[in-house]
Amino acid sequence: MSHANADVLQGTLDLLILKALSVEPMHGWGVAQRIQQISRDVLQVNQGSLYPALHRLEHRGWIAASWGASDNNRRAKFYRLTATGRKQLHAEVATWRRFSAAIELVLAVD
Amino acid sequence: MDRFRGLLVRFRSLWKREAAERDLDDELRFHVAMETEAGRARGLAPDEARRRALLTFGGIERFREETRDADRPRWLDDARADLAHAWRLVLSRPGFSAAVVFTLGIGVGANTAIFGIVNAVLLRPSPFPRPDRLVMIWETDRKSGTRHEPASWPDVVDFAERSRTLQAIGAMTGRDVTLARRGASEPERVTGLAITPSVLAVLGVHVIAGRPFAADEGRPGGQDVVLLGEQFWRTRFSADPAIVGHTILVDERPALVAGILPEAADLGVRQIHERADYAETFSSAHVDVWLALQPSVDSFPRETHPFLTVGRLAPGATPAAAQRELSTIAAALEREYPVNAHRGVNIESYGSVVFGAVRPALLLLFGAVTLLLLVTCANVANLLLARTAARTREVAVRMALGAARARIARQFLVESLVYVVLGGAAGVVLAFAALHGLVSLAPSDVPRVDTASIDGRVAAYTAGTTLVIGILFAALPALQMRRLDLHHALKSHGGRLISLGRSARRFQACVIVAEVALTVMLVAGAGLLLRSLWRLSRVDPGFDTTRVLEAQYQLPSTRYPIDFKRFPDIPAINAFHARMLSAVRAIPGVAAAALAANPPLDPGFTNSFTIVGREAESAHFPEIRTRFVSPGYLETLGVPLLGGRAIAESDDAHSPNVIVINRAAARRYFATTDPIGQSIAFWGAARRIVGIIGDEKFRGVDAPSDPAVYAPIAQAPLQQATILVRASRGDAMALVPDIRAELRALDPQVALFGVEPLALSLRSSIAKPRFDAVLLAAFGAVAILLAVIGVYGVLSYTVTERMPELGVRMALGANRWNVIRLVAGTGVGLAALGVALGMGAAYAGSRLLRSMVFGVSTTDPVTFVGVILIVMLTALAASLAPALRATRADPMQALRAES
């Protein structure tokens, strides 16, 4: 069964989540903050799509979740990248680079 | 691995829905809390921070729903939708659905019921550990050619002492006894099995209460002890464990009840007795009471052969090795004891003795019922195919709207599965009813058939069969759909039937041909067995059963001892028999009565003998069947006197010994001389032949009549007797109370047993072939019915589809006859092809029936021609109705519809 996404935005969100989790395991709120921070507030992650995306990625086996304590000692669900997820991240990064390069090429033509 | 973990998460969310829901809530609550804290860190008031945090979600419920969707597998929702859709379809066409479910139900039900019997008889584990190590040890007699003789007691002892390949040997023999409990008024005749204590060890059975026989209880002079069979204990003693340790009266002698043996412990006892060339009668399915044999060389000398011997192979020994070793031992015994001359040993596996006779018949029934299942499947396949055709348009529309083929195929799969599951369920219900009936109809000599039930294995078998059928059926319409021509299907207008594609029609024709072929095989098998049964039932048993009843009694040796020093002059026994006979003859309504040691059709026993004056030649004669009868035997049973005279009242213990021989004996031994006046010697006395009588059947009606001698019962008194009574009119069984009363008047402690009309014994003697034939005939009848429905259904469909074409033909001048021939020709043609194929298969497979038919060839032309006629005529009849409907095609309407 293929999980190819027609939705570019959704695909991008998956990529961003995987990238964010590639540094260290974190909870959903942390993922959103991290993306926002690194992109210097350019990319605002809609919480309404963040959690469905996290659960979807979990079902595909790209990320795994476990319950743990947050910095301020609350019960939080932590996500981490799995081996499959890491492979997937490399693939998605490569695809994205090709894609954006292609867009650049198109835009560069005057 | 990661992918697998992902699946686990999904299933967890399926099964542990509440936990998953709570987790989700926790996760969201955490997020809102963090967001609120971040807001406060930016300097917002707590309430405002919380409000904003909630706002970023844009509605918690919608968000929850989306996340939940991600959690739930998509296919599950689809499956639920498919299931609901399929269920609506099933309900929307109740007639069609009922036909499918009922047809499948018959196929699956019959199959399950027969498998239930096969399972109980052949597949269930043996009650004995390592049953493959059990062997029967028969003695052979090279002189008579017999290979299944029971052993003599000294031989059993010698085998046990000298053999190394057998670790243990036990001896047994059927011994019906009269049982009485202290205080109980009526003594009861029960089925007993006398065994050496070693039998229990050889078989490996354990008591369920009390203790087994001790070794010294198997020696002469040991205490009289019995073990009760579980079933007997449950029915007669209400499963009261307190009976153990009590004393009951066995043949009027007190015996201690030592323990209870499980019901399964007697598996095979009856079949072993039947396998023997001669043995004590053992006609019950179960052993009521187990007696300890206490044999000695004096009571059972080397020349008597009463013991059925069972052994357990030593570790590492094979049956072949045991055969070699025991043959050597038997050869040594031949040298040591003149009476053992010509004797050898025949080792057979216990399993082949117990199940050998019944296995082919059961497998035949199972094969037949599987053919029937295939026929029902073919029928249902055709029904479903026609149904698919009617829905071509629906499918085309859905495909045009973008439904994937896989999605549609899956929907068909679900629909088929719904039908198959319903059919399977109907089948199981039918099987429960059928199994009950089958068990009560089944001949009682099929081992452990009474334990047949729908257990886990049968249920699993049925579930598996049903699943395979379901998948096959699902594949059918789905394959049809693959070739669907969208353009063509959509173009045709509503209201007109969309025709099946060419491949579908060809497939349907194939299904019909296969269905007819299978039916022909089944009906041919049934026909052969029915013909065989008819032959069997018309065999002249040599006696007339009209208004004759049989009943037995046994005189206890306590009060009616046989003193061999003065044999045959045993006044107590002879007087009892004589008084009983004259009392019965005096009962009003009795036309004739006689006594016999063994009832007709009971093989009884055989004796070695010599013809006086031809002693040297006689040494090579096989043993002769020996009957003891009273005067009046011929009149009572209608056996013809062919020469000389019958046994007379004057032939008693004090008059010269006389004998009557049957025709088979006269032909075999006195081909060139007149037997009357010559003498035959056995049991140490010469007996003058005074008459020749007609041949009775002794070993079943399908076996030839053996040569036999009939001696006066007064000249060879026995404690057992069968009284045969012919009523002058009406039902002989009406005389039973009077006969019982006469017996009670003579001795109130003697029980009358085995009371039944002789006609019934004759019928029971062919119960097994009747069971097989009746079942196969029923399967055949159902198959024919289904084939008729199949042919009719397909032709009806074709006619409906071709109505316009037929109309055009009629408009162009075709007459009714042409149309009938066109339509019916198709059906008859398909049927003919099926018949040809089925006949080929039946002919090839007929060898399998060889051991099961009597008096007909397995390629009996009458049967085969009959089958062809029956199937072809029914196919013709099934074709005619649609053909006649075709002639009503209206040319005008047809032309209008075509435009």
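The values are calculated or read from the model by the stated rules, or taken from the named source; none is laboratory data. Quick caveat, the model's predicted, so the values are computed rather than measured. Here the Cβ positions follow ideal geometry from the backbone for every residue, glycine too, while neighbour counts run over all protein chains shown. What goes into the accessible areas is simple: the full protein's heavy atoms, side chains included, and nothing from ligands, DNA or RNA. Shrake-Rupley method; radii C 1.70, N 1.55, O 1.52, S 1.80 Å.
Quick notes
- Fully extending the segment from B:Glu274 to B:Gln749, taken as 0.36 nm per residue of separation minus the present Cα-Cα distance, adds 168.0 nm.
- A/B buried area, accessible surface, summed, 1.4 Å probe, Å²: 2400 Å²
- Extended-chain gain in nm, criterion 0.36 nm per residue less alpha-carbon gap, B:Arg391 and B:Val429: 10.5 nm
- Ordering of B:363-376, B:433-446 by packing is B:363-376, B:433-446, highest average first (other Cβ atoms within 10 Å, averaged per residue).
- Calculated FRET efficiency for the pair B:His436/B:Asp25, C-beta based, R₀ 51 Å, to 0.05: 0.40
- Degrees, to the nearest 10: B:816-845 long Cα axis against longest axis of chain B: 50 degrees
- Rotationally averaged projected area of region B:188-240 (alpha carbon convex hull; nm²): 4.3 nm²
- Here A:Ile38 and B:Arg457 are evaluated by their C-beta separation; at R0 = 56 Å the FRET efficiency comes out at 0.30.
- For B:Asp78 and B:Asp224, the difference between the fully extended length at 0.36 nm per residue and the C-alpha to C-alpha distance is 45.1 nm.
- Taken along the Cα-to-beta-carbon direction at a fixed 7 Å, the label points for B:Ala681 and B:Ile208 span 5.5 nm.
- Per-residue average of Cβ from other chains inside 10 Å of B:19-25: 1
- Placing dummy labels 7 Å off each Cα toward the beta-carbon, the span from B:Ala591 to B:Glu186 is 2.9 nm.
- Whole-number Å³ per residue for the convex hull built on Cα positions in the protein assembly as shown: 289 Å³
- Reference-scaled alpha-carbon Rg (2.2 N^0.38 Å with N residues) for region B:641-708: 1.15
- Rg and Dmax, both from the Cα atoms of region B:144-250 and both in Å, are 16.4, 51.
- Per-residue [θ]222 nm for chain B (sum of -39500 (n - 2.57) over DSSP H runs n ≥ 4, rounded to 500): -17500 deg cm²/dmol
- Partner chain coverage, peptide A:79-86 - average Cβ within 10 angstrom: 2
- Paramagnetic reach from B:Arg40 in region A:47-86 [backbone N under 17 Å; point 7 Å along Cα→Cβ]: A:70-75
- These residues, B:Lys768, B:Lys565, A:Lys19, go from largest to smallest accessible area, 1.4 Å probe, as B:Lys565, A:Lys19, B:Lys768.
- Convex hull (Cα only) mean projected area of region B:583-722, reported in nm² to one decimal: 8.8 nm²
- Modelled FRET efficiency - R0 25 Å, B:Val736 with B:Arg579, Cβ distances, 0.05 increments: 0.85
- Exposed-loop-free span, longest in chain B, where GluC sites (Glu not before Pro) count as exposed if DSSP calls them loop and at most 16 other C-beta atoms lie within 10 Å: B:304-648
- With respect to chain B, whose longest principal axis is taken over its alpha-carbon atoms, helix B:571-585 is tilted by about 60°.
- Shielding by partners - mean other protein chain Cβ count within 10 Å, residues of B:865-876: 0
- Gyration tensor analysis over the Cα atoms of region B:368-437 returns equivalent ellipsoid semi-axes of 33, 13, 9 Å (largest first, whole Å).
- Segments A:85-93, B:380-388 sorted - mean Cβ within 10 Å per residue, highest first: B:380-388, A:85-93
- For chain B, projected area of the alpha-carbon convex hull averaged over all directions, nm²: 57.5 nm²
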